[in-house]
Every structure is written in C-alpha cells, then in structure tokens.
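Report on one structure; see the data block that follows.
What follows is calculated from the coordinates using simple rules that are stated; it is not laboratory data. Just so we're clear, the structure is a prediction, and the values are computed from it rather than from any experiment. Positions of Cβ are backbone-derived with ideal geometry, glycine not excepted, and every protein chain shown enters the neighbour counts.
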Amino acid sequence: MAEGRFLSGSTMGHVVRMTATGAMGITFVFLVDAAGLLWISQLGDPTLVAAIGFAFAIQFFSVSIAVGFMIAATAMMSRSIGRGDRGLARRQGGAATVIAAVIQACVALLVITQRHELVTLAGAEGETARLAARYLAITMPSLILMAVALTCSGALRAEGLGAQAMYVTLFSGLLLMVLDPILIVWMGLGLDGAAIGLFGFRICLVGLAIYYAVYRNDLIARPSVTDLAENMQPYLLIALPAIATQMSTPVGNYLLTIVMAPFGDDAVAAWAVVGRLTVVVFGGIFALAGAIGGIFGQNYGAGHMDRVRSTYRDALLFCLIYTLVAWAALYSATPYVILAFDLKGQGADILQAFTTVGVGAFIFIGALFVSNAAFNSLGKPGRSTLLNWLKDGALAWPLATWLTLYFGAIGVIFGQALAGVVMGIIAALWGWYFVSCLQAENEPPLDPALPRPYPNPDRYRRR
C-alpha cells in the first residue's frame, strides 16, 4: 500500500504547495465572481449591486454548509489514508458525497421557500428586496451540485492531489468569465444573467470534480446502504461541528449587513465590494485552512506528532507573510478599486477603511483558520465552533453596532477587525497548546531508521 503523500518531506513545502494550488483555484473563482459584480456595477444601478450584496449574505449560509461537509470528508479520509487503509477512505468518500447532497437539497428548498422573508430580515426593501429574492430563486438549486463538487474536492485534497483540485475550480471559473459579460451585458439579462452564469459555473464544477475524484483517481466508491449506515455517524460527528463553525461566518456577515443597511444602498453596495475583495485577496488564507487539513489528518493517522506540530507552525508563518504582502498590495490599489466600482461618498470611505485597517486583521483571522484546521482534523471540532461563534456572534456584531455610533458606516469595518484580532490571538495560542501536547499513548520512541507504523488514531490522547 502506497504511503500518504504528506508523511515525508518538508511540512512547509506541503503547506505552500497545497495552499498555492488551492489559492489559485479559489482566488480565480472569486476573482471571476468579483468581475461579475463589476459587470453589474457598469449598468449604473446601485440597486442591482445592493441586491447581490443581500443575496450573497443569505446564500453564504448554504455555501458554508457545503464547505463544512468538504472539511469533514477531508479529515475523515486523510486519517484513513495515513493509516494505509485506502479502501475505507473510498467508502467514506462515497458515503460523504451522498449525505452532503441530500442535506444540501433540504437546505436549498428551505431557503427558496423562505427567500422573501430572509431578504427582508436582512434589511432589503422594495425593488432591492425583490431582485435579491429572484437571484436566490435562480441560484439556490445549484448549491446541491456544489455540495457534491466540494466533497469530491475534499477527497482530492485528502489524497494530496492539490493541483487536480485546483483544475476543478480553475476551468469552471474560466467558463464563468466567458458567460458573465455575455449574459449580463451583451444579452441584457442583468442580474438574471449573473444568476444563470453562476448556475452554469456550478454544473461545470461538479462535472470536473467527479471526473478527477471518481474516474481518474478512483478515490470515491459507489456507496452501498451498508457504507452509508457505517459512515454516517462518524462523518456527521466531524461534519456537524465543522458546519456549525462555517456557519458563524455567514451569520456574522448577515448581522453586519443588517448593521450596514440603515446607511443606504451606497453603503451596502460598498459592503458587497468589500466582501468580494476579501475572498479574492485572501483566497490564499481561505485555501490554507482547507489545504492543511489533509496534512494534519495523514500525519495524525500515521502517528507523526512531530510533523503535526511543524505543520501548525509553518501554516502560521505562511499566513503572516501572505497577509503582509496582500495588505501592501490592496492598500496601494485602493484608488483604482474605488474608481472601478464607482464608489462615492461613504461608499469610498468604507472601502478605504477596509484597505487600511480591516485587511490588517487578517493576520489574526488567518491564525484562527489554522487553529480551525487543527481542531477539525485532530478530533476536537467543537473548539473551532466555539472560537468562531465567539468572534462572529458574540463580538463582531455588538462591536460593529457600538462603533457605528462614533464612526458611522465605517464602524462596521472597525468592529469586524477588532473581533478578528481578539479571537485570532486566543485561537492561535489554544491551537498551539493543543498540538504541542498531542502524543500517541504508550508509544515508545521510534528509531528513525525503521518504517513508521500505522497506529489506530483512537489511541491518541492529550497529555
């Protein structure tokens, strides 16, 4: 049985390689998404941009559920691969794909039936609310496809095939780049064109993901009823806390959108631009959290606790360097972004607050993502849930509300940044303490000249 790809070689090399491939794919998709928003903004109607902002805040929930399922699949399968049991990993992948698709279908149906109430609750009114609800009605069914695609992508990352996972998003993003200007501008479909393009993107996404994970690499087996019964409980034990962790971000974004809404469509439009810039510029940080899960999982499954610790350390270092470079680049580009998206008045002020203050907080938010990956992959997903909900639920909303009393709309940016700094520091320290104390129970020191065993990960404990 072939050894897992992450069980030897430089951990920093694995972190950089997996993050780079993940970042190229995810950043390109988000860049294309931002380009779609740019095409919408060129129509000269801020209501359309605001409608996408409200719809994005709601759709973010369902996307985060799919990401939670992907994280769980990566964690579960990478442990099995680290132990050398690839047959089990394949069965786990098949069960995870079916479970994710069924649950996401239920979520999509719920959002579609309640879309008008949800956009109203977010603060949208009149024509903006109607357009946001219409956008959700068109795009929500495609999230079922996205759930399958992300689970297959998780299988590729668990195996260490970062480049192929990148191809899935890269090629799909190229399709969306072509579709958006055709549908939005040339065919004159406007917001409907953006929604149709997103649906087409997700069809391409699931097709490529299945090709690479199932047909090319045979990482996912056709699930039987027995496979579903055996793997449902262990999968959901990882997936539910991971989903709860992922849900904190859209909840926080939703609450902050509510805080921003009273300042008008210009402010919400700028908030939508900030959201797109965040995922484009920090695609590497978002990719980092998903990329290192497989590295943690394989080495945990194989009993390589020293490599688990070095992976955590290297990921924090990578996060620091990446954020400093991105901060400098985005700060320099601020006037051009304001001009490109035609932001004026308080809209321009919001963007400038983000590029000068909000971006810097990602040094600490990235540390939170690294600790999330460690806790999710090493058997303590509930800790990730706690940390993220403290940031997005307990801190960001009240801080943003309070700071808007003094700074107006830009107080939302300041509140979000302050919450990220506080919880990022706590998460980084707690995560480091956790991986530093992790060891194999009653495991004698290993002779480096001898091959590593594949112990049962249930034997691991905290000192």
For W430 and S332, extending 7 Å from Cα along the Cα-Cβ vector and measuring point to point gives, in nm, a value of 3.7 nm
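Give me the mean projected area, in nm² to one decimal, of the convex hull enclosing the Cα positions of region 66-166.
Mean orientational projected area (region 66-166, Cα hull): 7.1 nm².
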Mean projected area, convex hull of alpha-carbon positions in region 325-448, reported to one decimal in nm², is 10.4 nm²
Expected vector for region 79-85, Karplus 3J(HN,Hα) from phi with 6.51, -1.76, 1.60 and θ = phi - 60°, integer Hz, x for Gly and Pro, equals 4, 5, 5, x, 7, x, 9
For region 158-170, Karplus-derived ³J(HN,Hα) couplings (6.51, -1.76, 1.60; θ = phi - 60°; whole Hz; x for glycine and proline) come out as 4, 7, x, 8, x, 5, 5, 4, 5, 4, 4, 7, 5
Nearest 10, in degrees from 0 to 90: the angle of helix 86-113 to the longest Cα principal axis of the chain is 20 degrees
Over the Cα atoms of region 323-384 the radius of gyration and the largest Cα-Cα distance (Dmax), both in Å, equal 16.1, 48
In whole Å, largest first, the alpha carbons of region 142-252 cover along the principal axes 51, 37, 26
What helix-only [θ] at 222 nm does the chain give? Using -39500 (n - 2.57) per DSSP H run of at least 4, over all residues, to the nearest 500, the answer is -26500 deg cm²/dmol
Taking only the alpha-carbon positions of the chain as identical scatterers, the Debye log10 I(q)/I(0) at q = 0.06, 0.10, 0.11 Å⁻¹ comes out as -0.24, -0.69, -0.83
Exposure-ranked with fewest Cβ neighbours within 10 Å first, S436, S142 stand as S436, S142
Once the dipole of region 282-428 is set up from charges on Cβ (+1 Lys and Arg, -1 Asp and Glu), the residue from the list I295, Y406, F362 lying farthest towards its positive end is I295
To the nearest 10 degrees, the tilt of helix 411-437 (Cα long axis) against the first principal axis of the alpha carbons of the chain is 0 degrees
On the formula 1/(1 + (r/R0)^6), with r taken between the Cβ atoms of A105 and A394 and R0 of 25 Å, the FRET efficiency rounded to 0.05 is 0.20
Residues M12, M305, M18 in order from fewest to most other beta-carbon atoms within 10 Å are M12, M305, M18
In nm, the gap between the two label points placed 7 Å beyond Cα toward Cβ at V16 and D306 is 2.2 nm
Summing +1 per Lys or Arg and -1 per Asp or Glu among the other residues with Cβ less than 11 Å from A348's Cβ gives -2
Most packed first (mean Cβ within 10 Å per residue), the peptides 307-313, 233-239, 222-228 order as 307-313, 233-239, 222-228
